[in-house]
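The values are calculated or read from the model by the stated rules, or taken from the named source; none is laboratory data. Values in this document were obtained by computation on a predicted structure and should not be read as measured data. With ideal geometry, Cβ positions are generated from the backbone for all residues, glycine too; neighbour counts draw on all protein chains shown. Just so you know, the surface numbers come from the protein's heavy atoms only, side chains and all, with ligands and any DNA or RNA stripped out. Shrake-Rupley method; radii C 1.70, N 1.55, O 1.52, S 1.80 Å.
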Amino acid sequence: MGSGIVVMAALVLLVVVVLGWAVAAYNRLVRLRTQVQASWAQVDVQLKRRHSLIPNLVETVKGYAAHERGTLEAVTAARTAAAAAAGQGAQEQAGAESVLTQALGRLFALAEAYPQLKANENFLALQAELSGTEDKIAYARQFYNSAVQSLNTAIQTVPTTIIAGICGFHPEPYFEAAGDERADVSVRF
């Protein structure tokens, strides 16, 4: 009878340890998922800041390069599409932001042809603000991707993958630069 109690106690201890581990693993996954969501919110904040700067930039350029209508309309359309992609996930938003980055690159290239535009204080201030925002976007994307990497690694490693599968955790997509966005955008004037 004494050995039966020892076996039963060992079994109960094993069940308590496994349940404790499962709770700890679940809580870790929840913390990692929350970090991904919070870091995505920071990316979104910076992208919205970028979107709000663009109309002012376009209006400033219009005064000097009004006949460059196609470029100005492309920037406006790309900004609208990027703003509409907000909330649709990292992959969709990354694609829309890539198109916007390319359109901004064409807009910045206009400044080379218009010396008065390059000397305009408003334009220079907007350029500096946009440049700072681009740096913040790059940092926020890096932080988001780091959080995604931590979550995805936890989800895909044994034995946490068992809890992830049972509780419905799934890998999150990285915010990747697409196509021409991999190259540096020249924002110097």
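Cα axis of helix 121-156 to longest principal axis of the chain: angle in degrees, 0 to 90, nearest 10?
Result, in degrees: 20.
Calculate, for the chain, the solvent-accessible area per residue in square angstrom, rolling a 1.4 angstrom probe over the heavy atoms of the protein chains.
Spelled out: the 1.4 Å probe surface of the chain, per residue, equals 57 Å².
Ordering 107, 19 by how much accessible area each has at a 1.4 Å probe, largest first, what is the list?
Highest to lowest solvent-accessible surface, that is 19, 107.
What is the extension gain from residue 45 to residue 15, computed as 0.36 nm multiplied by their sequence separation minus the C-alpha to C-alpha distance, in nm to one decimal?
6.3 nm
Just to verify a number: FRET efficiency for residue 128 and residue 76, C-beta to C-beta distance, R0 = 30 Å, to 0.05?
So, using R0 = 30 Å, E works out to roughly 0.90.
As a check on your grasp of the helix formula, calculate [θ] at 222 nm for the chain: sum -39500 (n - 2.57) over DSSP H runs of n ≥ 4, divide by the residue count, round to the nearest 500.
-29000 deg cm²/dmol
At a Förster distance of 30 Å, what's the computed FRET efficiency of residue 66 paired with residue 135, Cβ-Cβ distance as r, to 0.05?
The calculated FRET efficiency here is 0.50.
Between residue 170 and residue 142, what is 0.36 nm times their sequence separation minus the Cα-Cα distance? Round to one decimal in nm.
8.1 nm
Measure out, as a whole number of angstrom, how far apart the alpha-carbon centroids of the range 79-148 and the range 3-60 sit.
29
Nothing charged except the Cβ atoms of Lys and Arg (+1) and of Asp and Glu (-1): what's the magnitude of the dipole of the chain about its Cα centre? Round to the nearest 20 debye.
Taking the Cα centre of the chain as origin, the dipole is about 400 debye.
Across the chain, how large is the tail of the calculated P(r) beyond 24 Å, expressed as a percent of all Cα pairs?
Cα-Cα pairs of the chain separated by over 24 Å account for 53 percent.
State the percentage of accessible surface on the range 51-111 attributable to carbon and sulfur atoms; use a 1.4 Å probe and exclude ligands, DNA and RNA.
Of all accessible area on the range 51-111, carbon and sulfur atoms account for 52 percent.
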